[in-house]
Amino acid sequence: MTSFRQAIHRLTGISLPATKTALIEQRLRRRVNHHGMSCTGTYLDEVMAGRLGQAEIDTVVDLITTNTTSFFRERAHFDHIAAEIVPEFLADRSRPARLKCWSAASSEGAEAYSLAMVLAELQRTGRRFDWAILGTDLSAPMIEKARRAVYSTEQVSPIEPSLRRRYLMISADPALRDQVRIVPELRRRVRFRQMNLMDARYPVDQDVDIIFLRNVLIYFEMQDRQDVVRRLQSHLRPGGYLIVGHSEGMSVTQSGLQRIRPTIFRKL
Ligand SMILES: C[S@@+](CC[C@H](N)C(=O)[O-])C[C@H]1O[C@@H](n2cnc3c(N)ncnc32)[C@H](O)[C@@H]1O
């Protein structure tokens, strides 16, 4: 199992403690049975040797990663963007006309679309401005889900009713009444792409205004956290913001980032 844990670390940056072995076995059991194998160790050797193909490696990564997310998770971040960051952006005429945002571990897209709703509302009710959001994640199935932008009615329950009415579509088909889809007006401005935060370089613009990096650093070891934050910092324009999860603020110690709130940092 040790070599498997090392392989997962190399692939994802995720640090799996030995105590998680039982959990891993449980998550992988269906794949082991699917391939007619008798034990997880044999299955993992085959996966890591690449003998079951890239798709199987992606499946394992997907089963190991935690994709939990929700709309308007840590709502204070969205409130801060609406009350402070966007007005500051609009007041500064020297900045480019488009507000660029990046959800850097986007999972199935709830974070990116929550932000899209906030920006669309500000645009609708105040001064017009252009904006775009990029969502990236290691997991190919999560990226596919994010692009489809279809969610259960339960998933969208944290969205306030006025935003639900404006930005969610309900199918005319009664069989699909428990699902909704994000309206095209928002989907057009939100793009998703598979990307590994452990890569040495990110194929993303270097003048991003707001980067969300929430609830993913917690799975990384300290050195990897530092490296990921340093790389993301180089994609922020001076004055741009990095926003991390509520338990991740202490992992951000880079000198070029000024702490504005416990989990909100501004590039100097
Ligand atoms: C717990 S979710 C957080 C989603 C969202 N940011 C939020 O706060 O609700 C963590 C996400 O990080 C992704 N992830 C894990 N390791 C990654 C890596 N090395 N590169 C990119 N994404 C990664 C997982 O696939 C998962 O979707």
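The values are calculated or read from the model by the stated rules, or taken from the named source; none is laboratory data. Remember, it's a predicted structure, so these values are computed and weren't measured experimentally. No Cβ is skipped: glycine too gets one built from the backbone with ideal geometry, and neighbour counts run over all protein chains shown. What goes into the accessible areas is simple: the full protein's heavy atoms, side chains included, and nothing from ligands, DNA or RNA. Shrake-Rupley method; radii C 1.70, N 1.55, O 1.52, S 1.80 Å.
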In the range 131-152, the residues that are open to solvent by 10 Å² or more (accessible area, probe 1.4 Å) and of a type outside the set (D, E, K, R): Ala132, Leu134, Leu138, Ala140, Pro141, Met142, Val150, Ser152
Among (1) assigned to a loop (DSSP other than H, G, I, E, B); (2) closer than 30 Å to Leu122 by Cβ; (3) away from the ligand (no atom under 16 Å from the Cβ) - the single one Ala82 does not satisfy: (1)
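Yes or no, residue by residue, for (1) within 15 Å of the ligand (Cβ to nearest atom); (2) not in a helix (DSSP H, G or I):
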{"position": "Ile210", "(1), (2)": "yes, yes"}
{"position": "Gln223", "(1), (2)": "yes, no"}
{"position": "Ile243", "(1), (2)": "yes, yes"}
{"position": "Ser255", "(1), (2)": "no, yes"}
{"position": "Arg259", "(1), (2)": "no, yes"}
Members of the range 156-192 that are modelled with pLDDT under 95 and aliphatic (A, V, I, L, M): Ile170, Ala172, Ala175, Leu176
Check on Trp131, among the aromatic types (Phe, Trp, Tyr) and within 16 Å of the ligand (Cβ to nearest atom): no
Some residue of the range 98-110 being open to solvent by 40 Å² or more (accessible area, probe 1.4 Å) and not hydroxyl-bearing (Ser, Thr, Tyr): yes
Subset tally (residues that are under 20 Å from Ala132 (Cα atoms) and in contact (Cβ under 8 Å) with a residue 24 or more places away in the chain) for the range 195-251: 26
The listed residue being open to solvent by 30 Å² or more (accessible area, probe 1.4 Å), farther than 27 Å from Thr12 by Cβ and in a strand (DSSP E or B), out of Arg165, Arg128, Arg191, Arg181: Arg181
Flag if Val204 is within 16 Å of the ligand (Cβ to nearest atom), open to solvent by 10 Å² or more (accessible area, probe 1.4 Å), under 30 Å from Ala97 (Cβ atoms) and in contact with a Phe, Trp or Tyr (Cβ under 8 Å, 6 or more places away or on another chain): yes
Residue list for the range 131-158, filter: part of a strand (DSSP E or B) and farther than 24 Å from Arg231 by Cβ: Val150, Tyr151, Ser152
Some residue of the range 51-70 being modelled with pLDDT under 95, over 30 Å from Phe212 (Cα atoms) and open to solvent by 40 Å² or more (accessible area, probe 1.4 Å): yes
Qualifying residue in the range 36-59 (condition: within 12 Å of the ligand (Cβ to nearest atom) and either in contact (Cβ under 8 Å) with a residue 40 or more places away in the chain or within 24 Å of Pro203 (Cβ to Cβ) (or both)): yes
